[in-house]
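Here it is, the structure in full.
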Amino acid sequence: MRMHSPLPAPRQACRRRRATPDRRRLARAPGLVAWTQGRGGAAWHARTDALARSVGGETLPMILRDGPLERFLGRSRDRRMQRPPGLAFWLDGEPPFPVALGLALQHLAVQSVYFVLPAAVGAAVTQDPAQVTRFLSLSILAAALWQALQIITRGPSGSGYPIPGTHTAALLGAYLVAAQAGSGFGGIGALVLLVGIASVALTFVLQRMRVFIPNEVAGVVVFLIGVALITLGTQQLGLQSLAAAPSGAAVAVVLASLAVMVVAALSRTAAARFAVIIGALVGVALALLLGETPAGAAQVLAGSPWLALPEPWLPDPGAVTPAALLAALLALVAMKATAAGSIVVIQRAADAGWTRPDAPPLRRGLLANGVAVAAAGLFGGAAPGPNTAALGLSIATGTLARRIVWLGVPLLVVLALCPKLVALFVLMPGPVKAAMLFYVSGFIMAQGCQLVTARLLDTRRTLIVAFGLTAGIAVAVAPQVFQQVLPALASPLAFGAMVAFLANLVTLPLVAQRAERRLAPGPGAAREAAEWFAGLAGAWGLKPGTARAAEHALGELAELLAGRGVTEIGLSARRAEDRVELALAWQGAPLPERARSVRPEDLLGPLEAQERFAVWLATRDAQSVTQSAVADGQMLRLVFED
């Protein structure tokens, strides 16, 4: 960028753009203030429009908003989402109340399958059905709280995404260890409270969450959630025990339910959105006809009251054993990865322009997750978490409206206060539950595969995926061995997530790649710098957007330094897991600091104003920019998120 004299700037801009490596024919971008396709006006007006857009509402407000909390959790930093084609209801959609109620009930039907988790934990602690029902009701309230906190669209907590809540399976091993030690419900509550506090703390400690839980780890976790759903479905059919094979009637109910779900989903009618609940109703009717109902169901329903307020259990920290606490802290990795994976899944499904996880909503979602878990421990419920099965159902039916999930919150509360309704959901025939789980598990595993392949799979990333999936599937194939040897991680999700997390952590030092180049400024300096980095971007598998931003920055800065008469520029590039770091070193005076605001008049102003504008233009896509004096001159460092 030559600036021997401050005038005439438009001609200098024209010469500068002809010297850059981007020689594509310019086309008018939407929203340009002015457009000139002649010999130089287009570039000047394009730069002016970039300035107008940034000052108007994107770059400048982000720069001016200060404070660590705003930078870490601020909603103003969320990426703008684009509605994907083919959705029935997007995030802000407002389906009619009957439609929203039907979809919320469909979610509730899927959520009820997970009631078996706190019910099993309660049965391991006591044989008193009233106490088990009390624990289950408190756990349902915890799931409602998680769902409400997650969907909030204001404040520092909550991703703002419509993710239904449920009871996480990651802590099941820790619950059983605590139950075997006689901790009681108070001890389990204290255990859940400690896990929630640790989860909140980790949200702030692990600021670069994508380094520790990248797409590959999140994809493995989401895929293994699908595997866990299949395992839970086989348990509903009695396939996990070798006592007896499922009856022909049970198999018929499963196949008929699945067939109705598939036909309804492919019908291209309004029934497609209610495919699961339609299939479940048909399955329940067929199960009643064939006698596939739980034994003593009528007596259980008759003995359950219509309305009862569950009494909370106060946490008892003294009842927490070291073994149970260790098991819970190990499972915390799977909990965080499950929550992160679910948030990334809906980000990807709800955004047509998705390329990578959006960090601020992810952090707020993980914070809300930890707060809800801690609250569940305070009143004695099981730890809540995302219901990926219901989330997969929303994605499969294209119904992502927040209104649907908001409506599900009071439904869960009403259900928790009505033991008779709780019993009704729990007593749903096992083959119908199995069909629902089999149906949604495929969508969940498909989302996991898409997350895994969101980035180019090099050898390291392939090994992370391979080890994580192998470990998780090994537990699914031989659960009895892991229950005896490693009960704290005796679930495909917990063990697979731990292995994938450790594989990523251990191999992180092997990720960094470096390259250096000495550049002699001249007429082709900008092109040479950009072409050098373009070669690196291809070899390192960088995302196209990252490569374009870094190439543009190098070209502009090299041209600016060449215009100053700098004799040599030292270029260096370093690739980390989630970012690319560039450095330019030269002898001479420092460049102007990146401006907080620039004006179109700066293009026609004095040399210092033009340089300030050039630095802003070159670095506006960088995540951070720092400049410092070194022994032999100056160094400018830029960081780009990949």
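The values are calculated or read from the model by the stated rules, or taken from the named source; none is laboratory data. In this text the structure is predicted, and so the values were computed from the model without any measurement. All Cβ positions, glycine included, derive from the backbone under ideal geometry; neighbour counts span all protein chains shown. SASA here: full protein model, heavy atoms, side chains in, ligands and nucleic acids out. Shrake-Rupley method; radii C 1.70, N 1.55, O 1.52, S 1.80 Å.
I need the calculated FRET efficiency for the pair Leu314 and Arg574, taking r as the beta carbon distance and R₀ as 60 Å, to the nearest 0.05.
Taking R0 as 60 Å, the efficiency between Leu314 and Arg574 is 0.70.
Something else about it: How much accessible surface does Trp532 have with a 1.4 Å probe, in Å² rounded to 10?
Probe radius 1.4 Å; accessible area of Trp532 about 40 Å².
Separate question: Between beta-carbons, use under 15 Å as the cut-off and find the net charge around Ala416, counting Lys and Arg +1, Asp and Glu -1.
After counting each charged neighbour, the total is +1.
So, R0 is 22 Å and r is the distance between the beta-carbons of Ala130 and Leu307; what FRET efficiency does that work out to, to 0.05?
The value I calculate is 0.90.
Specify the inter-centroid distance of the range 305-319 and the range 542-591, based on alpha-carbon positions, in whole Å.
Using only Cα atoms, the two centres lie 61 Å from each other.
Excluding residues on the same chain fewer than 8 positions from Lys336, give the lysines whose Cα lies under 30 Å from its Cα.
Filter leaves Lys433, Lys543.
At a 1.4 Å probe radius, carbon and sulfur cover how many percent of the accessible area of the range 422-536?
Carbon and sulfur: 68 percent of the exposed surface of the range 422-536.
May I ask you to give the average projected area over all directions of the convex hull of the Cα atoms of the range 351-448, in nm² rounded to one decimal?
Averaged projected hull area, Cα only: 8.1 nm².
Something else now. Modelling each spin label as a point 7 Å along the Cα-to-Cβ direction, I'd like the Arg460/Val251 distance in nm, to one decimal.
4.9 nm
Let me ask you something else. Under 5 Å between amide H atoms, partner at least 5 residues away or on a different chain: which partners does Arg79 have, H built in plane at 1.01 Å?
For Arg79, no residues qualify.
How would Leu604, Leu307 rank on accessible area, largest to smallest, probe 1.4 Å?
Leu307, Leu604
Report the extension gain between Trp406 and Ser624 in nm, rounded to one decimal, defined as 0.36 nm multiplied by the number of residues separating them, less their alpha carbon distance.
Residue separation times 0.36 nm, minus the Cα-Cα distance, leaves 74.7 nm.
Then there's this: Solvent-accessible area of Thr168, probe 1.4 Å, all protein chains present, reported in Å² to the nearest ten, please.
In the full protein context, Thr168 sits at about 20 Å².
Could you order Cys449, Cys418 by accessible surface area, starting with the largest, using a probe radius of 1.4 Å?
Sorted descending by solvent-accessible area, the residues read Cys449, Cys418.
Also: Pop out the Kirkwood hydrodynamic radius of the range 345-396 from its pairwise C-alpha distances, inverse of mean 1/r, in Å to one decimal.
Hydrodynamic radius (Kirkwood, Cα only) of the range 345-396 equals 12.7 Å.
Can you send over the solvent-accessible area of Ile278, 1.4 Å probe, protein chains only, in Å² to the nearest 10?
Ile278 has an accessible surface of roughly 60 Å² with all protein chains in place.
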